[in-house]
Amino acid sequence: MSPKNNYTALRKVAVLIDGDNAQPSLIAKILAEAAKHGNITIRRVYGDWTTPQMKGWKEALNNHAVQPIQQFRYTVGKNSTDSAMIIDSMDILHSGVVDTFCLVSSDSDYTRLATRIREEGLYVMGIGKNLTPKPFVNACNIFIYTENLELSDEELEERETIVENGLTSKETSSKDQKKKPGGDYSKKPNPVPLLKEAISMSGEADWIHLGAFGNYLTQLDPGFDPRTYGFRQLSQLLKFYKNHFELRFSDKEGPSDVYVRLKPRSK
């Protein structure tokens, strides 16, 4: 196990879910994403369990050992779930029992909570829909869009076949574009400018380790995810844009050592 994986394994994660702003059908994938960043020690979902919209959570709670936290709505039309979740978060923060928070919501009300936790030097992961306001996304160290969690392995494998066949981004046809749930990839923002900016941010004139490159990307955009463009791995996305980037694989330090650089201009 690499030093990075050792550090991740030692992290203790609190997963706090706003039940009014999350999908119970995605609970398994949400927990799987959070588990990539450490050992989940706290699992809670907040909401008014007397309301019909929370009924969908019952099976998810039983199957995944998630603790339900009741918060009544004291005024009609007002949502007090966020207040309860914020108060609990601060209690957990000051208890020192975790060093990573996973906040599951698409609500911008959690922006200040995320920044406050980061001010204490803790890691914050957000999970929410594509419509999540940018201030909340940018307040997190990393943000995962639920639309990417909805992508099936079959959809991703079909998209990755494009790379295996040696095609580039300019050579794919509209038939290769998925319509749901990730949407039409041809309509996604072009990732090349962001990828190039991350290389510039590194200050390296030549090859950059892919791990460091990924860190620069999340610093520039916490919501960056290769799955947004139909690929499970960053290296596959870079292969897709092989007109702009080059990859080098090294087995000197381990099978996962990959390096990237801008493709030199042909003379």
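The values are calculated or read from the model by the stated rules, or taken from the named source; none is laboratory data. Computed from a predicted model, the values in this text were never measured in an experiment. Methodologically, a virtual Cβ is constructed for each residue, glycine included, from the backbone with ideal geometry; neighbour enumeration extends over all protein chains shown. These accessible areas exclude ligands, DNA and RNA; they are computed on the full protein's heavy atoms, side chains included. Shrake-Rupley method; radii C 1.70, N 1.55, O 1.52, S 1.80 Å.
Roughly how many nanometres apart are two label points built 7 Å out from the Cα toward the Cβ at residue 154 and residue 50?
4.4
Could you pull out the pairs from 134/242; 134/188; 29/134; 12/188; 29/242 whose alpha carbons sit more than 26 Å apart here?
Numbers: 134/242 30 Å; 134/188 16 Å; 29/134 23 Å; 12/188 34 Å; 29/242 31 Å.
Going by Cα-Cα distance, 134/242; 12/188; 29/242 fall outside the 26 Å limit.
Using θ = phi - 60° and the Karplus relation 6.51 cos²θ - 1.76 cosθ + 1.60, list the HN-Hα couplings for region 98-107 in order, rounded to whole Hz, with x at every Gly or Pro.
With the stated coefficients, region 98-107 comes to 9, 10, 9, 10, 10, 9, 9, 5, 10, 9 Hz.
Is region 193-264 rounded, prolate or oblate when judged by the Cα gyration tensor, a ≥ b ≥ c being the square roots of its eigenvalues, rounded requiring a/c under 1.5 and prolate requiring a/b larger than b/c? Display every interim value, and only then the final one.
Details: a/c = 1.36, a/b = 1.19, b/c = 1.15.
Taking the square roots of the gyration eigenvalues as a ≥ b ≥ c, region 193-264 is rounded.
Over region 37-76, one equal point on each Cα, no solvent: what is log10 I(q)/I(0) by the Debye formula at q = 0.15, 0.16 Å⁻¹?
Results for region 37-76 at q = 0.15, 0.16 Å⁻¹ read -0.41, -0.46.
Under a plain spin-label model, where a point goes 7 Å from the Cα along Cα-to-Cβ, how far apart in nm are residue 207 and residue 25?
4.5
Report the gain in length on full extension from residue 247 to residue 192: 0.36 nm times residue separation, minus Cα-Cα distance, nm rounded to one decimal.
Gain in length upon complete extension: 18.3 nm.
For region 33-140, compute Rg over Rh where Rg is the Cα radius of gyration and Rh is the Kirkwood radius from the inverse mean 1/r over Cα pairs.
Values: Rg = 14.1 Å, Rh = 14.8 Å.
Here Rg/Rh amounts to 0.95.
Put 132, 41 in order of accessible area, largest first, 1.4 Å probe: what do you get? Show your work: numbers first, answer last.
Numbers: 132 10, 41 70 Å².
My answer, sorted largest first, is 41, 132.
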